[in-house]
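This structure is in structure tokens; I'll ask about it shortly.
The values are calculated or read from the model by the stated rules, or taken from the named source; none is laboratory data. Note that this is a predicted model, so its numbers are computed, not measured. Because the Cβ atoms are built from the backbone with ideal geometry, glycine has one as well, and the counts that use them run over all protein chains shown.
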Amino acid sequence: MILVVEDYSQISGVSKMKKVIITVDTEGHDGADPILRLIWGATDQGLYGIDRIMDICDRYYAKAVFFVDIAEAWDYGKDKITEVITHIISRGHDVGVHIHPDHMADKKRLFLWEYTKEEQYEIISKCTELYFEVTGERPIAFRAGKYGANNETLEILDELGYKFDFSQFYGQKWCGINPPVAIMVPKKVKGLMEIPVTIFRSIRIGKKMRYDKLDAVMDSSEYKHIMMQISNDSREIIVSLFYHSFSMLNWREHPDKPIFDRKEEKKFINALEYVYNSKRYEFISLNTLKSIYGKNDYKAQDDSIDKIICTKGLIRSVWFTLKRANNIRKFNNKARWLIYGGIIFLTITIAIPLFYWLI
């Protein structure tokens, strides 16, 4: 029997705890049957997609928001996307609208900001109407595919009645919301509340710096390091914990025959367990967000660039960056070169001084 709690913020009874909302981009782009393999997560070992994710969320009384790429209905069939949406809702979790526009428009234009405002309006309207047709309700939450929204996207979402956008990813070149409307703290843009991707500055060398998002596939020690800093921040940061429907799978080399990765599942479990056992955090749902930001007297807090959460210490930053790069080295040339450079850096900063100390 699955226990479904409508407002998870009431479990702890502590209103001042930091809030965590789990967001799952639910999509499939490669292979002969991307929805079967990368959304349902069908493998030779079993199903390790959305149902597995919901099983784990239910274990920790967490209600996730599954951002379903509704544009895929134009590529793979309306019935398949309808089944995904209705199944998630039947399990007691939330569904938001996610759009990779190349599935229903131009295969060469992957980002919404590559389309005119009129084209964007048509694309988003069609997906919004399909959501309404399937659920009988108007959608309230949105995230652009590849975070590829711009300021015109936000205007359209507001016009169509959306209440929350989760597309702002500060420091990510794919995100076209410029100037950014939010960095780490939610901010209201007309009738739309922007819940930014939870970011941190992962490394800084001179004037060069990198921003990464907080997600449930990152190294557990790095995750806890960042979460501890957020919990000590006085601002009302909403932690948007990022995940994909296919995050538990090794699929990039063989999308038609993905393999379940138990280590990746363990990372997700550890991430949720940390929140569940913490006295500083609590899970929330879209309903909780509505209760928090439904008032007209909300005032945005200080969200300046100099208050971004950072990985502490250069050696720690390099180490975590190398571990992150190692996870994607097989399909990312920059990651491979980063590993080589990091090894050289660590050798110079640690091995050589240690050698002289020993002699």
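If you check residue 169 against the conditions, is it within 23 Å of residue 233 (Cα to Cα) and in the same structural domain as residue 84 (by TED's automatic domain parsing)? Write out each step before concluding.
Values: within 23 Å of residue 233 (Cα to Cα): yes; in the same structural domain as residue 84 (by TED's automatic domain parsing): yes.
Criteria met by residue 169.
Give me the residue from segment 111-125 that is surrounded by 17 or more Cβ atoms within 10 Å (Cβ to Cβ) and over 13 Å from residue 157 (Cα atoms) and, out of that set, farthest from the chain's Cα centre (by Cα).
That would be 115.
Moving to a separate point now. Read through the list (1) in contact with a helix residue (DSSP H, G or I) (Cβ under 9 Å, 6 or more places away or on another chain); (2) more than 25 Å from residue 81 (Cβ to Cβ), then give the number of the only condition that residue 260 fails.
The one condition residue 260 does not meet is (2).
Could you say whether any residue in segment 86-93 is within 18 Å of the chain's Cα centre (by Cα) and buried (at least 22 other Cβ atoms within 10 Å of the Cβ)?
Yes, some residue in segment 86-93 is within 18 Å of the chain's Cα centre (by Cα) and buried (at least 22 other Cβ atoms within 10 Å of the Cβ).
Right, another one. For the subset of segment 138-152 comprising residues that are among the small types (Gly, Ala, Ser) and not in a strand (DSSP E or B), which member is nearest to residue 118 (Cα to Cα)?
149
Take the residues in segment 134-179 that are under 19 Å from residue 103 (Cβ atoms) and small (Gly, Ala, Ser); name whichever of them is surrounded by the fewest Cβ atoms within 10 Å (Cβ to Cβ).
176
Among the residues of segment 294-307, is any of a type in the set (Asp, Glu), free of Cβ contacts under 8 Å to residues at least 24 places away in the same chain, out of contact with any strand residue (DSSP E or B) (no Cβ under 9 Å at 6 or more places or on another chain) and closer than 24 Å to residue 200 by Cα?
Looking through segment 294-307, at least one residue is of a type in the set (Asp, Glu), free of Cβ contacts under 8 Å to residues at least 24 places away in the same chain, out of contact with any strand residue (DSSP E or B) (no Cβ under 9 Å at 6 or more places or on another chain) and closer than 24 Å to residue 200 by Cα.
Of the residues 224, 267, which is among the basic types (Lys, Arg), buried (at least 17 other Cβ atoms within 10 Å of the Cβ) and modelled with pLDDT of 95 or more?
Working: 224 fails: buried (at least 17 other Cβ atoms within 10 Å of the Cβ).
Result: 267 is the single residue among 224, 267 that is among the basic types (Lys, Arg), buried (at least 17 other Cβ atoms within 10 Å of the Cβ) and modelled with pLDDT of 95 or more.
Find all pairs meeting these conditions: Cβ atoms under 7 angstrom apart; at least six residues apart or on different chains; first residue within segment 186-208 and in contact (Cβ under 8 Å) with a residue 12 or more places away in the chain; second residue small (Gly, Ala, Ser) and assigned to a strand (DSSP E or B).
Cβ pairs passing all conditions: 195/240; 197/240; 198/240.
Among the residues of segment 70-105, how many are of a type in the set (S, T, N, Q) and touching a residue at least 60 places away in the same chain (Cβ under 8 Å)? Write out each step before concluding.
Applying the first criterion (of a type in the set (S, T, N, Q)) to segment 70-105 yields 82, 86, 90.
Retained after the next criterion (residues that are touching a residue at least 60 places away in the same chain (Cβ under 8 Å)): none.
Adding up the residues that qualify gives 0.
Residues that are at pLDDT 95 or above, assigned to a loop (DSSP other than H, G, I, E, B) and either out of contact with any helix residue (DSSP H, G or I) (no Cβ under 7 Å at 6 or more places or on another chain) or surrounded by fewer than 15 Cβ atoms within 10 Å (Cβ to Cβ) (or both): does segment 9-19 have at least one?
No, because not a single residue in segment 9-19 is at pLDDT 95 or above, assigned to a loop (DSSP other than H, G, I, E, B) and either out of contact with any helix residue (DSSP H, G or I) (no Cβ under 7 Å at 6 or more places or on another chain) or surrounded by fewer than 15 Cβ atoms within 10 Å (Cβ to Cβ) (or both).
Considering each of 134, 197 in turn, give the residue that is at pLDDT 95 or above and within 12 Å of the chain's Cα centre (by Cα).
Exactly one residue qualifies, and that residue is 197.
To keep it simple, each residue is scored yes or no on (1) more than 26 Å from residue 283 (Cα to Cα); (2) at pLDDT below 95; (3) in the same structural domain as residue 243 (by TED's automatic domain parsing); (4) among the β-branched types (Val, Ile, Thr).
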| site | (1), (2), (3), (4) |
| --- | --- |
| 27 | no, no, yes, no |
| 32 | yes, no, yes, no |
| 43 | yes, no, yes, yes |
| 52 | no, no, yes, no |
| 63 | no, no, yes, no |
| 74 | yes, no, yes, no |
| 77 | yes, no, yes, no |
| 91 | no, no, yes, no |
| 100 | yes, no, yes, no |
